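My questions will all concern the structure given below.
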Amino acid sequence: MPSKEFEALTRAHRPWSRMLWAMVAVVGLIAIGIGLVEVREPGTVDHLLGQSSEQTAAVTGFEEVPWCGRNHRDRYTIAWEQDGLARTGQIRVCGEPWTIGDQVRIWATSAGEPSTSSPLAMRVASGSLVIGLVLATTMFWRSRRRVRRAAAAVLDSTWQPRTFSTTGRPGEPNFRFLSPDPPRNRSRDWQRIIFRADSDVRTDANVPGTLFIDEVRGGRLRGLSLHTTDDGARVWRWHG
């Protein structure tokens, strides 16, 4: 095997490694974002973790702003009783027609940080995000492991692929399998290239060739493949 081919197969798993590191970076950015929100709005993390309870509070004072925006909201002073203790706090909202003496529903943490928003939607969104991150990380890790295992089989000469005679070049309109029961052949099946060594000789587009593939499952190509043509071209690909 040429040295460049050997090196390409040795590094074949690296795109998935980069994806895993990207997931680590995403988790880090999310953690930083949550930390910044907690600094700006204390109690957010406690609400997110379910450490707040629903309470009824009374409006004891308010301060209106000329116009409402992200950083300009009406300020309401509220009072409530929690765990046998009288508590007071402030909330910032826009568009609420509250006046002194009104009873409002809040969610308060054990430290007395109030919020007018139910934590349910936040928890559902956060749970969905965590599930998505776990599933994506698992998928990238499993793909990386499969690529490394398949490449190792080639490098240590234990690879036992299936073979198909072909005509043309994969991904081009005239590519065909010369088989009575051919696998699926769509352009997107040939997009993930690990290594390509094109021929120096221009040949007919219908050049004969051979495809070596890990497996065909459900009519679809799976795993590592090598396509060679009679003009000397060699292309390694990965089929998820």
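The values are calculated or read from the model by the stated rules, or taken from the named source; none is laboratory data. Here the structure is a predicted model, which is why all the values come from computation and not from measurement. Cβ sites come from the backbone with ideal geometry, for glycine too, and all protein chains shown count toward neighbours. Just the protein is used for accessible areas: all its heavy atoms, side chains included, with ligands, DNA and RNA removed. Shrake-Rupley method; radii C 1.70, N 1.55, O 1.52, S 1.80 Å.
Ignoring ligands, DNA and RNA, what percent of the accessible area of the stretch 84-232 is carbon or sulfur (1.4 Å)?
Exposed carbon and sulfur together represent 50 percent of the surface.
Turning to a different aspect of this structure: How long, wide and thick is the stretch 34-84, going by the Cα atoms along their three principal axes, in whole angstroms, largest first?
35, 29, 13
Mind checking the dipole of the stretch 43-173: about its Cα centre, +1 per Lys or Arg Cβ, -1 per Asp or Glu Cβ, Debye to the nearest 20?
Its charge dipole is roughly 1360 debye.
Please determine, in degrees from 0 to 90 and to the nearest 10, the orientation of helix 119-155 with respect to the longest principal axis defined by the Cα atoms of the chain, where the helix direction is its Cα long axis.
Helix 119-155 and the main axis of the chain meet at about 20 degrees.
Could you give the semi-axes, largest first, of the ellipsoid that matches the stretch 126-240, computed as the square roots of 5 times the alpha carbon gyration tensor eigenvalues and rounded to whole Å?
So the equivalent ellipsoid measures 30, 16, 14 Å along its semi-axes.
Using a simple charge model, +1 on the beta-carbon of Lys and Arg, -1 on the beta-carbon of Asp and Glu, nothing else, what dipole does the stretch 13-71 show about its Cα centre, in debye to the nearest 20?
I would put it at about 600 debye.
For Arg75 and Gln51, compute 0.36 nm times the residue count separating them, minus their Cα-Cα distance, and round to one decimal in nm.
That pair, Arg75 and Gln51, stretches by 6.3 nm at full extension.
If I take R0 = 25 Å and measure r between the Cβ atoms of Thr116 and Leu20 in this structure, what FRET efficiency does the formula 1/(1 + (r/R0)^6) give, to the nearest 0.05?
0.05
Counting every Cα pair in the chain, what percent are over 27 Å apart?
Result: 58 percent of Cα pairs exceed 27 Å.
Related question: For the stretch 54-144, report the translational diffusion coefficient in µm²/s to the nearest whole number, using Stokes-Einstein at 20 °C, 1.002 mPa s, and a Kirkwood Rh over Cα pairs.
Translational diffusion coefficient: 137 µm²/s.
Along the charge dipole of the stretch 40-134, which of Trp107, Gln90, Val124 sits closest to the positive end, that is, farthest toward it, with unit charges on the beta carbon of Lys, Arg, Asp and Glu (+1, +1, -1, -1)?
Toward the positive end, the furthest listed residue is Val124.
Over the stretch 1-111, what per residue volume does the convex hull of the Cα atoms give, in whole Å³?
Normalising the Cα hull of the stretch 1-111 by residue number yields 146 Å³.
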